[in-house]
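Structure, as structure tokens:
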Amino acid sequence: MLLPMDEKQFAFWKMRRSGTPNITIANLLGISRQAVSKALLVMDGKIESALREMAQANQIAIEKINTERGILIGRSIPFQTAAIIFVSEKHGMQVWYEHDGDCGTCQRFTECIELLWDYATELGIRIEKTADPTKMAEELFTKVKAMV
């Protein structure tokens, strides 16, 4: 399932994830608080469904889901390692496996750093600047797990 990232419901969801209260969302958009609440309930269902489908497709046993943050914590059955699935406004749905990477030789080095910075920014999480994506990921996902 692809998330409808261009829909109003997703915009409401992003605002709530960033800490904006429902009443503020309603006032900003000139709609009722009930309309915002209803849209968020629908979006939470879509987020949960997408996270569960992604977990199933990647053989990840689910431990925790936080639909308000768009995070699923689990364990990869084939890789026998911790896994996290998350919704990123900029990068869509992502699956990250806990691992010790050889980042210096990886072709995706820059892409990983960008993804981690972007996701930390979306969630309002401060992480230390380092040239090692594995260390950045460890710090970020430790903080993310504490949020769930």
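No lab work stands behind these numbers, since they all come straight from the coordinates. Everything numeric in this text was worked out from a predicted model, so none of it was measured. Every residue, glycine as well, gets a Cβ built from its backbone with ideal geometry; the counts of neighbours run over all protein chains shown.
Close contacts from segment 34-56, counting a first residue that is outside any helix (DSSP H, G or I) and a second that is not polar (S, T, N, Q), with Cβ to Cβ under 9 Å and a gap of 6+ residues or different chains, come to none at all. Does ILE113 satisfy being β-branched (Val, Ile, Thr), within 22 Å of PRO4 (Cα to Cα), in a helix (DSSP H, G or I) and free of Cβ contacts under 8 Å to residues at least 60 places away in the same chain? Judged against the criteria, ILE113 is not a match.
Quick test for you: out of ILE65, ILE113, pick the one residue that is buried (at least 18 other Cβ atoms within 10 Å of the Cβ), of a type in the set (Val, Ile, Thr) and over 25 Å from PHE12 (Cβ atoms).
Unique residue meeting the criteria: ILE113.
Do we find a residue being at positive phi and either of a type in the set (Phe, Trp, Tyr) or surrounded by 16 or more Cβ atoms within 10 Å (Cβ to Cβ) (or both) anywhere in segment 20-39? Scanning segment 20-39, I find no residue that is at positive phi and either of a type in the set (Phe, Trp, Tyr) or surrounded by 16 or more Cβ atoms within 10 Å (Cβ to Cβ) (or both), so the answer is no. Filtered by the rule that a residue be under 27 Å from THR20 (Cα atoms), in a helix (DSSP H, G or I) and not small (Gly, Ala, Ser), segment 116-135 gives LEU116, TRP117, ASP118, TYR119, THR121, GLU122, LEU123. For segment 68-105, residues that are part of a strand (DSSP E or B), surrounded by fewer than 15 Cβ atoms within 10 Å (Cβ to Cβ) and either free of Cβ contacts under 8 Å to residues at least 24 places away in the same chain or touching a Leu at 6+ places or on another chain (Cβ under 6 Å) (or both) total 1.
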